[in-house]
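See structure below.
The values are calculated or read from the model by the stated rules, or taken from the named source; none is laboratory data. All figures in this text were calculated on a predicted structure; none of them were measured in a lab. Using ideal geometry, Cβ is built from the backbone for each residue, glycine included, and neighbour counts are taken over all protein chains shown.
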Amino acid sequence: MRDFSQDHRWLSLNTATVRKQWPLDRIIEECARRDIRAISPWRDQVAAVGLDKVARQLRDTGIALSGYCRGGFFPAADAAGHQAALLDNRKAIDEAKTLGAPCVVLVVGSLPGALTGKPAYTDIGRARNEVFDGIAAALEYARQVGMPLAIEPLHPMQAAERACVNTLEHALDICDALDPQHSGALGVALDIYHVWWDPKLQQQIARAGAARLLAYHVCDWLLPTRDLLNDRGMMGDGVVELKKIRGWVEEAGYQGYSEVEIFSELDWWQRPGEEVLDTCVSRHRSAV
C-alpha cells in the first residue's frame, strides 16, 4: 500500500468540501497554493465561474481532475423527461472533455420527483430499469468522445430520491452487462461514505479491479450522524476503517487519487476554507 504519510501528492479535493466558503476559481487558487494536484468540481460551480475560464485556470495552475460531478438522474415520468436527462448527460460529458476529466461521476437517480417529496411513481424496479437504459444510452455517446462513466452507488438511505443503485455489487452488475469487455469506458466511483458498511465490500472491490475502479472518495462516518446527507466527517473523526479499505482498493490495482468529499452543514462548511483545506492535507497523511 502506498505511503501517504510524507506528502499529499495523491490527495484530490472534491470541491463540494468548501463550496459554502468559496467560488470555484478561489478554490483552485487555494489548492494550487497548497500543492493539491487535483480536484473534482461540480457542474454548478463550473457554470457559476464559466467553463472556459475554469479550463484556462486549470491549465495555468497545472491542476488535474480526478472526476467531474455529475451526470445521471436518468429516471423520468415520461418520454420528454427521459430525453431531457440524456441531453443533460451529453452536456456533462462535453464539459468533462473540455476540462480534461478522467471520468464523469453518475449519481443515477431514482423515483422521479422524490427530491421534492412528490414522486411521479413508486416502482423502484421501474426506476432501476430506466437507470440501466439511461446509462446504456449515455455510454454510447461517451464512447464516441472517449469519456469514461463512473457509476457511484449511494447508501440505501438515499434509494428513493438520489440513487436506486445502492451497492458496489449492483453497480458492477450494470458495468458487466453494458461493458463486458472491461474496456475502461464504464466503471465505478467508490465513495466510502456510501459503501463502508457493505459486508461484500472487499469481495466486490476485488471483483472491480483496476479497469472498473475509476474514482475513490474518502470522508468518515460520524457517531452520531446528525444529518444523513450533510453531516459527513473529516477523515479520522468517525468509524470507517479507511486504511484497511484503501488497502483493498490498492490490492485491486487502483493507483489514483483519494478524493476528499465532505458535505458538512453543521461543521466543516461553517469553518474558514483555509482551515478545511489544511485539515484535509493533514488527515490525508495521517488517516487515509
Worksheet, complete the sentence: If we ask which residues in the range 89-123 are assigned to a loop (DSSP other than H, G, I, E, B), of a type outside the set (D, E) and more than 16 Å from P148 (Cβ to Cβ), their number turns out to be 10
Discussion item. Is it the case, given these coordinates, that A252 is at pLDDT 95 or above, closer than 28 Å to R37 by Cα and touching a helix residue (DSSP H, G or I) at 6+ places or on another chain (Cβ under 6 Å)?
Written reply: yes
Practice prompt. With a cut-off of at least 2 residues that are in contact with a Pro (Cβ under 7 Å, 6 or more places away or on another chain), name the helices (runs of 4 or more DSSP H) lying wholly within the range 24-81.
Written response: 43-49
Response to the item:
Listed by range, helices (runs of 4 or more DSSP H) wholly within the range 142-227 having at least 3 residues that are over 18 Å from Y68 (Cβ atoms) and over 17 Å from the mean Cα position of the chain (by Cα) are 168-178, 201-212
Practice prompt. Select from the range 244-288 the residues that are surrounded by fewer than 16 Cβ atoms within 10 Å (Cβ to Cβ), in contact (Cβ under 8 Å) with a residue 12 or more places away in the chain and farther than 18 Å from L13 by Cα and list them in ascending order.
Written response: G247, E251, G253, L266
Response to the item:
Checked the range 140-156 for anything surrounded by fewer than 22 Cβ atoms within 10 Å (Cβ to Cβ) and not charged (D, E, K, R); matches are Y141, Q144, V145, G146, H155, P156
